[in-house]
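The values are calculated or read from the model by the stated rules, or taken from the named source; none is laboratory data. Since the structure is predicted, the reported quantities are computational estimates derived from the model, not experimental observations. Note that we place each Cβ from the backbone using ideal geometry, even for glycine, and neighbour counts take in every protein chain shown.
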Amino acid sequence: MELQDTPEEWRVVATTTPFQGNKTSVRTDDVAMPDGTVARRDYQVHPGSVAVLALDEQDRVLLLKQYRHPVRQKLWEIPAGLLDVPGENPLHAAQRELYEEAHVKAGDWRVLTDVYTTPGGCDEAVRIFLARDLAEAEGERFEVSEEEADMELARVPLGDLVRGVLAGELHNNCLVVGVLSLAAARAGDGVDALRAADAPWPARPFEA
């Protein structure tokens, strides 16, 4: 058994887009099943995202707290953002998000993990980076608006975050996956064994 996800595409016999939003849309596909039946699948079409687990020299993770209306909560999160431009280099997007949301730059970047957030109902793919060798970014701070205007920033020890995740106190997908992935990497082959920041990403192909 090969323990690896594999590309596969079942035949779509009909498709419609009942909703088109500013960044995402909803698609309805009629999909031919292996048993000969046709099943209807509704799902969100998403451009993809990047997230950054930024770790400082004191082993603290840079966090922000932001209101998320669908779940009616303020969530502790790691910096993240959409891949707004088709084919955009995810590393460049991650560097931009770290600057815009935290006014921070990093000297060392690696791919921490790649995930599909909710593959049963959305095609969103997220690449989570590990960023180290942090420093304050040059120039003026990026002007934020809407939910981001109310953000809180903090730096929290990694161990505290692992405990918070396992206690059910932290729920943001990228934070949970990023924190536990870093803990697993350290317990395994080490951070130096992580993929390079420009590693291929078949889910969202990009230009160098």
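Here are 52, 12, 45: which of them is modelled with pLDDT of 95 or more, of a type outside the set (Lys, Arg), within 18 Å of residue 83 (Cα to Cα) and out of contact with any Leu (no Cβ under 6 Å at 6 or more places or on another chain)? Reasoning before the result, please.
On the way: 52 fails: out of contact with any Leu (no Cβ under 6 Å at 6 or more places or on another chain); 12 fails: within 18 Å of residue 83 (Cα to Cα).
That would be 45, the only listed residue that is modelled with pLDDT of 95 or more, of a type outside the set (Lys, Arg), within 18 Å of residue 83 (Cα to Cα) and out of contact with any Leu (no Cβ under 6 Å at 6 or more places or on another chain).
A quick yes/no check of all residues on (1) in the same structural domain as residue 67 (by TED's automatic domain parsing); (2) modelled with pLDDT under 95; (3) over 14 Å from residue 79 (Cβ atoms); (4) in contact with an Asp or Glu (Cβ under 8 Å, 6 or more places away or on another chain):
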| site | (1), (2), (3), (4) |
| --- | --- |
| 154 | yes, no, no, no |
| 158 | yes, no, yes, yes |
| 167 | yes, no, yes, no |
| 170 | yes, no, yes, no |
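Considering each of 8, 57 in turn, give the residue that is surrounded by fewer than 16 Cβ atoms within 10 Å (Cβ to Cβ), touching a residue at least 12 places away in the same chain (Cβ under 8 Å) and of a type in the set (Asp, Glu). Walk me through it before giving the result.
Numbers: 8 fails: touching a residue at least 12 places away in the same chain (Cβ under 8 Å).
The conditions single out 57.
Go through segment 84-203 and tell me which helices (runs of 4 or more DSSP H), entirely inside it, have 1 or more residues that are more than 18 Å from the chain's Cα centre (by Cα) and over 25 Å from residue 7 (Cβ atoms).
Details: elements: 90-102, 158-166, 173-187.
Result: 158-166, 173-187.
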